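Colleague: Here it is, the structure, as structure tokens.
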Amino acid sequence: MSWWWLAAGVVVLALFGLYFSMTAGRLDRLHRRIDMSRHALDTQLLRRSGLCLEITSSGLFDPATTVVIADCAHAARASTEGEVVARGLAESDLTQVLVAAIPDAQEAQELRRDAPDPSMLDDLRSTCVRLQLSRRFHNDAVRACRQVRKQRLVRWLRLAGRTPLPQTVEMDDTPPPGLTAR
Amino acid sequence: MRIGIVCPYAWDVPGGVQAHIRDQAETLLDMGHEVSVITPVEDPMHLPPYAVDGGRPRPVPYNGSVARLTFGVKATARVRRWIREGDFDVLHVHEPLAPSLGVLACWAARGPIVATVHSSIERSRVLITGYYLAQTALEKISALIAVSEHARRTIVDHLGGDAVLIPNGVRVDHFADAVPLRIWSGPAIGFLGRMDEPRKGLPVLLAAFDRILDQQAGARLVLIGPGDAEEALAGLPDRVREATVCLGRLDEVDKARALASLDVYVAPNTGGESFGIVLLEAMAAGAPVVASDLDAFARVLDGGRCGVMFPVEDSDALASAVIGLLEDTGARTHLAQAGRRRAAAYDWHTVAGDLLDVYASVIAGQSGVREDLRGQIVGRLARRRPGGGER
């Protein structure tokens with residue numbers, strides 16, 4: 001009789017082991033995806049602020065707009081190393097300035113007519129759209145991961161190891177409406 | 001950009017997903033990108049130069065119809081080699097929930113993976129297909145795309161996470177420039193789709209056609225698509241059989257020509273449609289559309305402004321709608337114009353631009369798609385066989 005108990009115990013242990021290794025594998029996958037999406041988002045943010053600085057030196061906008069954009073772009077660049085919330089705020093400021101600078105399709109058309117290099121506006125449009133997509137994909141990845149890490153067994157057994165709990169990136173990422181209107 | 005596209009269904013069997021992938025690949029090539037498609041195929045001779053043979057498909061009942069899917073050790077090995085040798089910047093998997101090459105590719109690759117969900121699947125089906133299976137694949141996908149609001153809801157409700165909506169596209173120029181194919185007399189009513197697939201709704205149209213002949217004795221029913229026409233027409237009155245023209249399966253050029261010569265295009269589908277690309281093709285070719293009032297069709301037809309809608313499976317309402325259109329030339333011209341305008345908004349070049357934005361947003365700062373050997377028992381076996389050393 002005791003052999004049966006032993007066999008049952010072994011089976012239960014094996015099942016637990018299988019579950020743990022599968023969950024650890026999932027977490028590993030999810031963390032790797034977050035690393036990728038985080039990196040992609042960083043790249044897009046840097047690309048956007050860089051592009052903004054380039055645009056301000058090209059004479060695309062009037063002097064007043066140029067000063068505001070340059071100011072926000074510098075602030076966004078400076079916040080890269082800083083704390084997450086502060087960075088989100090700085091990047092949101094840049095978003096709002098860009099939205100105010102190109103509020104509608106008509107404004108965009110006038111800018112395009114006078115622009116020394118109209119392709120800059122196309123670059124700005126695609127960078128802003130891609131930034132929005134990147135952030136969306138990143139936050140999706142974070143949510144999927146947090147859902148798994150919320151499970152009691154995962155927390156108790158520390159299946160996630162020492163990886164810190166991933167955080168979503170909160171900021172305003174609306175692309176300038178004048179550029180996205182079709 | 002080097003783009004690897006994975007097609008889950010057999011290339012030489014006509015279907016919405018395959019057509020989508022072909023148009024996507026050709027448009028992206030047209031725009032100067034490098035594209036490779038891996039797909040199941042019956043006869044590799046039929047593959048275009050940009051496609052790679054992913055193995056023989058096996059017919060499996062899936063999502064309400066018979067799908068030809070490829071899986072197994074051999075297919076896994078092929079997908080692995082394709083990923084290893086392709087050196088792609090981004091991998092685009094279609095229908096990642098179908099148990100076919102898409103899931104295999106998700107398992108075999110790491111790096112930026114984009115996936116498009118085409119069909120709307122019920123929750124029970126998702127669970128039956130193996131939630132864990134779906135999960136392992138989905139958790140590696142960096143960006144999910146849905147072709148319709150319907151498909152997006154499948155993702156949000158049942159899988160968790162969100163998807164970007166990028167509607168299906170039409171190669172408008174292919175259809176708009178088509179020369180009408182007139183090999184019959186009398187007003188032509190067209191149907192396009194598999195004749196033996198119940199959800200395409202051919203029986204509904206055949207029942208309605210009998211009534212249409214009462215009013216329009218000279219009308220013709222033009223059937224385009226694979227399937228046994230004799231079987232579909234069995235047991236119907238002689239006059240229905242005599243007035244029916246069967247064109248069988250047509251290539252893209254002839255399909256466009258056939259659509260361009262229709263007086264009314266009918267889509268009597270009874271369900272399971274997530275988008276309705278055939279509707280847009282007919283509209284781009286200038287054929288007035290009558291369609292069942294599925295959600296997906298209503299969206300394409302702009303709530304009925306670009307076509308006439310009738311209640312699903314109601315052949316009497318279908319007959320009245322078709323007769324009404326055949327008797328009113330003004331309404332037909334109006335619908336044809338509205339349809340052409342509507343179709344232009346779905347041109348593939350616009351769609352491809354949106355896709356490139358998604359690609360760019362996931363590959364920024366990445367080093368491309370690599371082979372993933374972690375935790376892949378099947379994959380390791382497949383790799384060991386040709387004598388290649390394991391990592």
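Colleague: Condition first: in contact with a strand residue (DSSP E or B) (Cβ under 8 Å, 6 or more places away or on another chain) and part of a helix (DSSP H, G or I). Can you find one or more residues in region A:18-29 that meet it? Walk me through it before giving the result.
Modeller: Pass one, region A:18-29, residues in contact with a strand residue (DSSP E or B) (Cβ under 8 Å, 6 or more places away or on another chain): none.
No, region A:18-29 contains no residue that is in contact with a strand residue (DSSP E or B) (Cβ under 8 Å, 6 or more places away or on another chain) and part of a helix (DSSP H, G or I).
Colleague: Only residues in region B:125-153 that are more than 12 Å from chain A (Cβ to nearest Cβ) and more than 19 Å from A:ARG135 (Cβ to Cβ) count as the first member; pair them with residues that are assigned to a loop (DSSP other than H, G, I, E, B) and at pLDDT 80 or above, Cβ under 7 angstrom, at least 6 apart or cross-chain, and list the lot.
Modeller: Taking only residues 6 or more apart or on different chains, the pairs are B:VAL147/B:HIS118; B:VAL147/B:ILE166; B:VAL147/B:PRO167; B:VAL147/B:ASN168; B:SER148/B:PRO167; B:ALA151/B:HIS118.
Colleague: Further question on the same structure: Taking region A:6-35 as the search range and keeping residues that are among the charged types (D, E, K, R) and surrounded by 15 or more Cβ atoms within 10 Å (Cβ to Cβ), which one is nearest to the chain's Cα centre (by Cα)? Show your work before the answer.
Modeller: Just the residues of region A:6-35 that are among the charged types (D, E, K, R), to begin with: A:26, A:28-29, A:32-33, A:35.
Okay, now just the ones that are also surrounded by 15 or more Cβ atoms within 10 Å (Cβ to Cβ), so A:26, A:28-29, A:32-33.
On the way: A:ARG26: 21, A:ASP28: 20, A:ARG29: 18, A:ARG32: 15, A:ARG33: 12 Å.
The extreme case among them is A:ARG33.
Colleague: Filter region B:253-306 down to the residues that are under 17 Å from B:LEU205 (Cβ atoms) and assigned to a helix (DSSP H, G or I) and list them by number. Talk me through it step by step, then tell me what you get.
Modeller: So the first thing to find is which residues in region B:253-306 are under 17 Å from B:LEU205 (Cβ atoms), and the list is B:258-259, B:262-273, B:276, B:278-279, B:282, B:287-294, B:297.
Within region B:253-306, B:ALA258, B:LEU259, B:VAL278, B:LEU279, B:ALA282, B:PHE297 meet the criteria.
Colleague: Report, by residue number, each residue of region A:54-105 that is touching a Pro at 6+ places or on another chain (Cβ under 8 Å) and crowded, with 16+ Cβ neighbours inside 10 Å.
Modeller: A:LEU60, A:LEU98, A:VAL99, A:ALA101, A:ILE102, listed by residue number.
Colleague: Residues B:ARG249, B:ARG241, B:ARG199: which one is surrounded by fewer than 19 Cβ atoms within 10 Å (Cβ to Cβ), in contact (Cβ under 8 Å) with a residue 40 or more places away in the chain and closer than 18 Å to B:SER315 by Cβ? Talk me through it step by step, then tell me what you get.
Modeller: Working: B:ARG249 fails: closer than 18 Å to B:SER315 by Cβ; B:ARG241 fails: in contact (Cβ under 8 Å) with a residue 40 or more places away in the chain.
The unique qualifying residue is B:ARG199.
Colleague: While we're looking at this one, here's another question. Cβ-Cβ distance below 9 Å, separation of 6 or more or different chains: which pairs start in region A:94-117 with a residue that is over 18 Å from A:GLN132 (Cβ atoms) and end on one that is among the charged types (D, E, K, R)?
Modeller: A:ALA105/A:ARG182
Colleague: While we're here: Among all residue pairs at least 6 apart or on different chains, which show Cβ distances below 7 Å where the first residue, located in region A:38-52, is more than 9 Å from chain B (Cβ to nearest Cβ) and the second is buried (at least 23 other Cβ atoms within 10 Å of the Cβ) and of a type in the set (S, T, N, Q)?
Modeller: A:ARG48/A:THR127; A:LEU51/A:THR127
Colleague: Moving to a separate point now. So if I check each of B:VAL156, B:VAL179, which one is of a type in the set (A, V, I, L, M), surrounded by fewer than 21 Cβ atoms within 10 Å (Cβ to Cβ) and within 14 Å of chain A (Cβ to nearest Cβ)?
Modeller: Checking each option against the conditions leaves just B:VAL156.
Colleague: Quick one: how many residues across region A:150-176 are in contact (Cβ under 8 Å) with a residue 12 or more places away in the chain and under 20 Å from the mean Cα position of the chain (by Cα)?
Modeller: Residues in region A:150-176 being in contact (Cβ under 8 Å) with a residue 12 or more places away in the chain and under 20 Å from the mean Cα position of the chain (by Cα): 13 in total.
Colleague: Inside region A:134-176, can you point out the residues that are of a type in the set (A, V, I, L, M), more than 14 Å from chain B (Cβ to nearest Cβ) and in a helix (DSSP H, G or I)?
Modeller: Going residue by residue through region A:134-176, those that are of a type in the set (A, V, I, L, M) are A:141-142, A:144, A:148, A:153-154, A:157, A:159-160, A:165, A:169, A:171.
If we keep only those that are more than 14 Å from chain B (Cβ to nearest Cβ) as well, we get A:153-154, A:157, A:159-160, A:165, A:171.
Within region A:134-176, A:LEU153, A:VAL154 qualify.
Colleague: Find the helices (runs of 4 or more DSSP H) located wholly in region B:1-114 whose residues include 3 or more that are surrounded by fewer than 23 Cβ atoms within 10 Å (Cβ to Cβ) and among the basic types (Lys, Arg), and list them. Steps first, please.
Modeller: Details: elements: B:16-30, B:73-86, B:101-108.
Those helices (runs of 4 or more DSSP H) span B:73-86.
Colleague: Continuing with the same structure: When the residues of region A:113-150 are narrowed to those that are hydrophobic (A, V, I, L, M, F, W, C) and in contact with a strand residue (DSSP E or B) (Cβ under 9 Å, 6 or more places away or on another chain), which ends up surrounded by the most Cβ atoms within 10 Å (Cβ to Cβ)?
Modeller: We begin by selecting, within region A:113-150, every residue hydrophobic (A, V, I, L, M, F, W, C); these are A:115, A:120-121, A:124, A:128-129, A:131, A:133, A:137, A:141-142, A:144-145, A:148.
Subset that is in contact with a strand residue (DSSP E or B) (Cβ under 9 Å, 6 or more places away or on another chain): A:133, A:137.
Details: A:LEU133: 23, A:PHE137: 27.
If we take residues in region A:113-150 being hydrophobic (A, V, I, L, M, F, W, C) and in contact with a strand residue (DSSP E or B) (Cβ under 9 Å, 6 or more places away or on another chain), then A:PHE137 is surrounded by the most Cβ atoms within 10 Å (Cβ to Cβ).
The values are calculated or read from the model by the stated rules, or taken from the named source; none is laboratory data. All figures in this text were calculated on a predicted structure; none of them were measured in a lab. We place every Cβ from the backbone using ideal geometry, glycine too, and count neighbours over all the protein chains shown.
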